[in-house]
Amino acid sequence: MSPVSQTGRRGFLGRAVQVASWAGLAGPLWRPSTAHAGAQIEEPLADAVRTALSSAILNNAPPVPEFDDFAGRLHYLRWLGTMGDRLRRKVSDWQTRKELLQTIWYESRRAGLDVSLVLGLIQVESNFRKHAVSSAGARGYMQVMPFWVRTIGNGDPSVLFHMQTNLRFGCVILRHYLDRERGDLFMALGRYNGSRGRAPYPDAVFANQRNWTFDPRHTPGGAGE
């Protein structure tokens with residue numbers, strides 16, 4: 001399956017860089033009243049890394065998944081229906097849910113990230129609130145700090161309230177941290193949160209990731225039906 005033409009394979013950002021709430025859907029453990037986390041720490045970037053990251057966030061074409069075959073498309077449609085049902089209590093409008101999930105799918109896979117992981121991170125960061133703002137000033141679904149827009153974007157932090165822009169930045173940043181940590185997801189998540197090496201945030205993301213795992217065998221028409 002090929003959700004992104006030519007560039008949507010695992011390692012998308014990693015290759016570029018090398019070249020240059022716990023708020024459960026069921027049985028919640030922690031219900032935040034404000035946006036939590038999202039306090040990435042600004043660090044100096046080598047010119048090559050800055051260029052790679054800037055390139056990775058360009059191109060805001062509509063995030064339309066593409067597939068190599070019918071089976072791939074069918075898998076995606078089953079995923080979309082299942083996730084849409086799970087997200088209904090948080091995002092009531094179907095069209096909004098569909099666009100959000102489609103964009104999360106596209107941007108996650110474009111950056112070589114597990115879609116369920118990104119959904120779990122969003123649940124912890126903003127609980128799927130588009131205009132969430134943390135006490136540290138992080139914005140949007142993935143609670144991106146405004147300094148990133150100055151560092152690798154156009155300098156206008158208001159763009160972080162745009163759905164695809166926020167998700168693009170969040171996924172690219174997480175991919176960057178994962179590359180920096182040499183594939184250690186626990187450490188990369190801590191870096192994303194500004195709490196590198198401490199367990200609460202990664203543990204929260206992993207716990208919420210379980211809400212968004214998808215097994216096509218357990219969907220209508222799936223292999224296990």
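The values are calculated or read from the model by the stated rules, or taken from the named source; none is laboratory data. As the structure is a prediction and not an experimental result, all values here were calculated from the model. Quick reminder, even Gly has a Cβ in these numbers, built from the backbone with ideal geometry, and neighbours come from all protein chains shown. Just so you know, the surface numbers come from the protein's heavy atoms only, side chains and all, with ligands and any DNA or RNA stripped out. Shrake-Rupley method; radii C 1.70, N 1.55, O 1.52, S 1.80 Å.
Listing for the model above:
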read-out: Mean separation of Cα contacts under 8 Å (6+ apart) over length of region 88-209, as relative contact order %; value: 23
read-out: Gyration tensor verdict on region 90-225 (Cα atoms; rounded if a/c is under 1.5, prolate if a/b is larger than b/c, oblate otherwise); value: oblate
read-out: Prolate/oblate/rounded label for region 46-158 (Cα gyration tensor, a/c 1.5); value: oblate
read-out: Mean Cβ count within 10 Å, highest first, over the residues of peptides 148-158, 95-105; value: 95-105, 148-158
read-out: Centre separation in Å (Cα based) which lies between region 42-70 and region 100-128; value: 15
read-out: Estimated inter-spin distance, Leu58 and Lys130, nm [label 7 Å along Cα→Cβ]; value: 2.7
read-out: Accessible area per residue, Å², region 98-225 with all protein chains present, probe 1.4 Å; value: 37
